[in-house]
Structure formats: structure tokens, C-alpha cells
Amino acid sequence: MRFLVTPHSLRLTPCGILKNAQKDLLEAKDLDDLKRVFKKWRNIGWKNICKLWLGESTPEQLKGESE
């Protein structure tokens, strides 16, 4: 049996997941890109997505890893 490694099969830390979401949000160029990113990352919560997108919080702040 072969095991295929996909981006979704790799385990990321919660902070790593939030950093990836923030990167995708900041790279969105138009409304369609933004919709795609919101759908992709909706599992982290709408409130967290909005805080990352608007620059109100960093991934570290959301996970309580910063001072």
C-alpha cells in the first residue's frame, strides 16, 4: 500500500495553521480569491479569520503564545 503525502495530511501546529491562513488572506487579490480563502480556512472560525485579515491579531496572539 502506498501513502501519498498531501498538504492536508501534514500535521501543523495550531499556530502554523493560523500563519498559513494569514498568508493566504494577505495574498488574496480579489473577491473571488478572498471567498476561496474564507471557505478553505473556515474551520479556524470566522472571528479568527477576520482578526487575521484585518490585522487585529497575529497567529501568536490568537493562540496565546505572545506577551
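The values are calculated or read from the model by the stated rules, or taken from the named source; none is laboratory data. All figures in this text were calculated on a predicted structure; none of them were measured in a lab. FYI the Cβ positions are ideal-geometry reconstructions off the backbone, even for glycines, and counts take in every protein chain you see.
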Inset, instruction - Could you tell me which residue of the range 58-67 is modelled with the highest pLDDT, considering only residues that are assigned to a loop (DSSP other than H, G, I, E, B) and touching a Leu at 6+ places or on another chain (Cβ under 9 Å)? - result: THR58
Inset, instruction - Find the residue count for the range 34-57, including only residues that are of a type in the set (D, E, K, R) and not in a helix (DSSP H, G or I). - result: 1
Legend entry - Unmet criterion (only one of (1) over 11 Å from the mean Cα position of the chain (by Cα); (2) surrounded by 14 or more Cβ atoms within 10 Å (Cβ to Cβ); (3) modelled with pLDDT of 90 or more) for LEU52: (1)
Legend entry - Verdict on LYS23 being part of a helix (DSSP H, G or I), modelled with pLDDT of 90 or more and out of contact with any Gly (no Cβ under 6 Å at 6 or more places or on another chain): yes
